[in-house]
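The values are calculated or read from the model by the stated rules, or taken from the named source; none is laboratory data. Please read these numbers as outputs of a predicted model, since none were measured by experiment. Virtual Cβ from ideal backbone geometry, glycine too; neighbours counted across all protein chains shown. Note: accessible area is taken over every heavy atom of the protein model, side chains too, but ligands, DNA and RNA are not part of it. Shrake-Rupley method; radii C 1.70, N 1.55, O 1.52, S 1.80 Å.
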Amino acid sequence: MSDPAWHHLPHDPRSFFDLAEGFDRRDLKRAYGKLIRQFKPETHPQEFQRIRAAYEQLENAERYGRNQAESQSAAEAWKPNTNPPPQPESRPSDTSASDANQPSKRPKPPISPVDEAIANPRESYTRLSQKHSRSPLEYYILAVLSDLLVKPTNESEKHRPQFLQWLLDGLQEHPQEHGLISLVAGTLRGDVPDDQIQTLLPKIAKSIRSSMFYRLSEPLWERLLIDQPFATFERLIRECESHLRQGDPRARLAFYLRILRTAIWTAPTEWTQSQLETLSGQAADLDDSMQNDLEFVELLHSYLSSAKPSASEFPARATMESFLRTYCTGDGPTATAEMARCLDEIARDAHGVQESFPINQEQDDHSLFLLMMMATSDLAETTGLIAPAPDEEKNNRQAVSCLRDLKNTLQEVVHRVSLIDTTYKWIPFAGLYLVFGILFTVIWFIAMTIVNQVTYFSASGAISVLIMIAGLLSFPILYFWWFYPKHLAERAENSRQKYFATCYTKRWRGRLFRYVQSCGESPSDSLTRLNEAAAFHDDTEWMNLVLSFCHGDLGLLIFARAQLFVG
């Protein structure tokens, strides 16, 4: 596998990922996942950090709706001018012939600000700091020189506060300068100590009063939510937003969509609900990726707000919640390793997953199921944690073996279903038919006696026999056409389904868990393989019954998905 184009970093991440100008977040995730599979964090930590920083730069810009053309303009920012300066037009010489032997004197090209800063850093810093108006490059030079020349006066100034201040001043004068934006974003993403975040955020809001504030300060807010009480976040966000001018509403939407994933674990339910209502009311301004983000946060809020079993009662469920929390709040190799550990624990705890997701339950776990599916899909795209492709031949053998084991229970199941049909269909029919026959015979006998006493019709005997036959035949027709469908069929079906659910729980479920664990495939692939094996052996009809429970078994589907991450 060829090495990526490292020379494009950090200025041109789009070219580094080999993305077209019209790329979207899905294209970015695929390209990122491809590189991460080659440069895993545990074996290539430095390369991983560079790839991750480039990914975050593009992903952040895409979420906040940056024009695609800005990628190239940001990459070209501050490149030195390679065109030679224009030379003055030559004029006829009016000097004496003796001057012709003298070497020609050409004007020296002007020295660039970068070369001047390298040659005379202190003089350059003094001169530039006294200027009233500066170019973006000059602000960058001042920021770099401040690291070299301005000594910190106390412990809190050891983390380049002047460097960041010069960049912020530059953004005040040049609000849309892509080079400065990229530098500020990189500084705020990884060069701010925890104890300075609370004091720094209001300063940034006063310096950058546009909606760009949300995009640049987002990493600081996420760290604040993890390390500080939610009340601190709520107070600071109100203070900072009071300094901002009304701008692009999309920036605020993108900010709160990302921040809610972290805040939802500590924020009051009322605050989360209020923010979700605001986001839903502006859903028309969201693109497809942001719509997916909103759906995820809404599902997470629904799950966290609902009544759930205690974590101590179901450890596997607690592991899933830990996975989701790390997915929402963590970042970098440490978070990736923790999520992989959680999925590995889930993939090896078949009994715990079955206990956490009983078949006959009143608890609606679809929110948790969908959250796990969405989070693991995104994790697979952005980290490359998916295990190698499974062995097709081995999995086909596993499917046939599972089918054989399941089929061994079929005879007893068919016998029990016949008993259910007898209980709800034929026994009531026989009992009611007996009662009806006795009553009808008595009524018929009395009626025929009265008729014979009143009339002396010669054919009355034949007619009475026909009436008897018609009466006895009418009952089966009435029973199977009206009484059984209306009063007994639903009860019989409920009893069958209850018995099938019991069979699935006690006889089939454990074997299916072992099957998906041995396959290491996605839920759809493993169940499709089993269905194909059943079709090949002419067992489709009863296998469809088993698969109907499989597709509704949320625990089995989560368990099968977790197998993909066991390598």
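Hydrodynamic estimate: the Kirkwood radius of region 317-433 over Cα pairs, inserted into Stokes-Einstein at 20 °C and 1.002 mPa s, corresponds to D of 116 µm²/s. Using all C-alpha to C-alpha distances in region 192-232, build P(r) with 5 Å bins and read off the rounded percent in each one. Binned Cα distances yield the sequence 5, 22, 34, 25, 12, 2.
Within the chain, the proportion of Cα pairs with more than 31 Å between them is 65 percent. Tilt of helix 460-478 relative to the longest C-alpha principal axis of the chain, in degrees (0 to 90, nearest 10)? That helix lies at roughly 20 degrees to the long axis.
Only DSSP H runs of four or more residues enter the estimate; each adds -39500 (n - 2.57), and after division by the residues of the chain the mean residue ellipticity at 222 nm equals -21500 deg cm²/dmol. Rounded to 0.05, the FRET efficiency of the Gln497 and Val465 pair, given R0 = 60 Å and the Cβ-Cβ distance, is 0.85.
Under Stokes-Einstein, with the Kirkwood radius over Cα pairs as Rh, the value for region 396-487 at 20 °C and 1.002 mPa s is 124 µm²/s.
Could you check how many percent of all C-alpha pairs in region 440-558 are farther apart than 17 Å?
Values: 4991 of 7021 pairs.
Of all Cα-Cα distances in region 440-558, 71 percent exceed 17 Å.
Measuring nothing but how far apart in sequence close Cα pairs (under 8 Å, 6+ apart) lie, relative to its length, region 321-404 scores a relative contact order of 26 percent.
By how many nm would the segment from Ile226 to Arg511 grow when fully extended, if each residue of separation counts as 0.36 nm and the alpha-carbon distance is taken off? Could the numbers behind the result be given before it?
Working: separation 285, 0.36 × 285 = 102.60 nm, distance 4.17 nm.
So the extension gain works out to 98.4 nm.
Report D for region 167-239 in µm² per second (integer): Stokes-Einstein, Kirkwood Rh on Cα pairs, 25 °C, 0.890 mPa s. Please list the in-between numbers first.
Numbers: Rh = 12.5 Å.
Estimated diffusion coefficient is 196 µm²/s.
At a probe radius of 1.4 angstrom, the accessible area of the chain per residue rounds to 55 square angstrom.
Let me check I have the definition right: for region 225-309, take the eigenvalues of the Cα gyration tensor, multiply each by 5, take square roots. What are those semi-axes in whole Å, largest first?
Working: eigenvalues 88, 71, 19 Å².
That gives 21, 19, 10 Å for the three semi-axes.
Between region 500-567 and region 305-333, the alpha-carbon centres lie 25 Å apart. Relative intensity of region 467-534 on a log10 scale, I(q)/I(0) at q = 0.12, 0.19, 0.29 Å⁻¹, equals -0.58, -0.83, -1.14, per a Debye sum over C-alpha point scatterers of equal strength in the absence of solvent. The value obtained for region 394-443, namely the Cα convex hull volume divided by the number of residues, is 57 Å³ per residue. Volume per residue for region 170-298 equals 111 cubic angstrom (convex hull of Cα atoms). Note the angle between two axes, namely the Cα long axis of helix 509-519 and the longest principal axis of the Cα atoms of the chain, as a number of degrees from 0 to 90, rounded to the nearest 10. Helix 509-519 sits roughly 40 degrees off the main axis of the chain.
Shown are Glu123, Glu234, whose ranking by accessible area with a 1.4 Å probe and every protein chain present, most to least, is Glu123, Glu234.
Counting only chymotrypsin sites (Phe, Trp or Tyr not before Pro) that are in a DSSP loop and have at most 11 other C-beta atoms within 10 Å, tell me the longest site-free stretch of the chain. Write down the numbers at each step before the final one.
On the way: sites that count: Tyr456, Phe457.
Excluding the exposed sites themselves, the longest stretch runs over 1-455.
Filter Lys29/Lys308; Lys131/Lys206; Lys425/Lys498; Lys131/Lys203 down to the pairs with a C-alpha to C-alpha distance above 25 Å, please. Beyond 25 Å: Lys29/Lys308.
Entry for region 276-356 at q = 0.15, 0.16, 0.21, 0.24 Å⁻¹: log10 I(q)/I(0) = -0.69, -0.76, -1.02, -1.12, Debye formula applied to identical alpha-carbon scatterers, no solvent contribution.
Give the carbon-plus-sulfur fraction of the accessible surface of the chain in %, rounded to a whole number; probe 1.4 Å, heavy atoms of protein chains only.
Values: 17130 of 31350 Å².
Here carbon and sulfur together make up 55 percent of the probe-accessible area.
Taking trypsin sites (Lys or Arg not before Pro) as exposed when DSSP calls them loop and at most 12 other C-beta atoms lie within 10 angstrom, the chain has its longest site-free stretch at 246-567.
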